[in-house]
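What follows is a single structure, written as structure tokens, with notes after it.
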């Protein structure tokens, strides 16, 4: 008969692992639920630049409709899509929504305490 092992195959406690995991999930959810993500426009020399990023994508799509095996069409389409994706990600602004000090401490304590419990449960006793 095989010996039952704890979390991570160690003799650590499964109970503290599960409690820590729950704390990490709840604390992480509460923390991320208070984050607001917004975006601004793309500007080059005072003018909107989003339209310019569509040009290679649209040319690539047009070339692919004409000849689906065109390497130039694939390069323009994938490159244009990548430029748009990078532009969106680099223009993101992240803000922490105003909340009380108690709520902030509760979120951070649950997150840090949960990580500590999970780490302790993976250690040999």
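What follows draws every value from the coordinates through simple rules; no lab data is involved. Everything numeric here is computed off the predicted structure, so don't read it as measured data. Heads up, the Cβs are rebuilt from the backbone with ideal geometry, glycines too, and the neighbour counts pull from every protein chain shown.
Summary value for region 44-95: 35 percent relative contact order, contacts being C-alpha pairs under 8 angstrom separated by 6+ residues.
Assuming a ≥ b ≥ c are the square roots of the Cα gyration tensor eigenvalues, decide whether the chain counts as rounded (a/c under 1.5), prolate (otherwise, with a/b larger than b/c) or oblate. Oblate, because a/c is 1.5 or more while a/b does not exceed b/c. Using the Cβ-Cβ distance between residue 29 and residue 50 with R0 set to 25 Å, the FRET efficiency from 1/(1 + (r/R0)^6) comes to roughly 0.15.
The long axis of helix 101-121 is offset from the longest Cα principal axis of the chain by roughly 70 degrees.
Over the chain, what is the relative contact order in whole percent, taking alpha-carbon pairs under 8 Å and six or more residues apart? The partial results should precede the final answer.
Details: 154 pairs, mean separation 61.5, N = 125.
With pairs under 8 Å counted, the relative contact order is 49 percent.
Compared with the dominant principal axis of the Cα atoms in the chain, helix 14-33 is inclined by about 40°.
Running a GNM on the chain with Cα contacts under 10 Å, which residue among 113, 81, 46 ends up with the highest mean-square fluctuation? It is 46.
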